[in-house]
Structure formats: C-alpha cells, structure tokens
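Nothing in this text is a laboratory measurement; each read-out follows from the coordinates by a stated rule. Keep in mind the model is a prediction, meaning the values are calculated, not measured. Reconstructed Cβ throughout: ideal geometry from the backbone, glycine too, with neighbour counts over all protein chains shown.
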Amino acid sequence: MSKNMLVGIWFITHTHNGDREYQGQILDALENGFYLVQLYSWMTGDASILKIFSMHKLGSASLFKNSDDFINYLGALD
C-alpha cells in the first residue's frame, strides 16, 4: 500500500497492552513516513487536535476504508 493510499483512511491505535488509544483519520502523507492525522474525542466523537504520526505508530493500528466501517466497528465493541 503506498503512502498516498492511506490518505482518507480512518484508524484506531492501541497501547502496548491492547487498550484503545487514539481514533482518527489520516489527512495527508508527509515526507519520510509521517502522516498528518485528525484525532477525534472518545467522549463526544468531535474533532479534537491535529497530530503527526509516524508509520510506526500507524503500523499496528486498526484501519478502516471509510467512516461507516469505522463507526460499525466501534458499535460492535460496545
């Protein structure tokens, strides 16, 4: 998968012990394996902050091709 193919993908990252950590969407592929991401609040679902993640951080994330798949996954967890 190329860097640009990740743009638009929704994700959930996990801590080392498997707990959910961040949820968001990849907005842009930057240089050297970094990505600009929009994070969303776990409490409200509202957009919170922009952050830069490395490919390493996203490498173990759960990835979703669209927001519907992302929301359905979250609903199945509750």
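Conditions (1) part of a strand (DSSP E or B); (2) within 13 Å of the chain's Cα centre (by Cα); (3) of a type outside the set (Asp, Glu), marked per residue:
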site: GLN23; (1), (2), (3): yes, yes, yes
site: ILE26; (1), (2), (3): yes, yes, yes
site: ILE71; (1), (2), (3): no, yes, yes
site: GLY75; (1), (2), (3): no, no, yes
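I'd like the full set of residues that are assigned to a loop (DSSP other than H, G, I, E, B) and crowded, with 17+ Cβ neighbours inside 10 Å, limited to region 1-11. Answer for region 1-11, where residues must be assigned to a loop (DSSP other than H, G, I, E, B) and crowded, with 17+ Cβ neighbours inside 10 Å: just ILE9. If you check GLY33 against the conditions, is it in contact (Cβ under 8 Å) with a residue 12 or more places away in the chain, out of contact with any helix residue (DSSP H, G or I) (no Cβ under 7 Å at 6 or more places or on another chain) and surrounded by fewer than 16 Cβ atoms within 10 Å (Cβ to Cβ)? Here the answer is no, as GLY33 does not meet what is asked.
Okay, residues lined up against (1) without any contact (Cβ under 8 Å) to a residue 40 or more places away in the chain; (2) outside any strand (DSSP E or B); (3) loosely packed, with under 13 Cβ neighbours inside 10 Å; (4) at positive phi:
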| site | (1), (2), (3), (4) |
| --- | --- |
| THR13 | no, no, no, no |
| ASN17 | yes, yes, yes, no |
| GLY45 | yes, yes, yes, yes |
| SER48 | yes, no, no, no |
| LEU58 | no, yes, no, no |
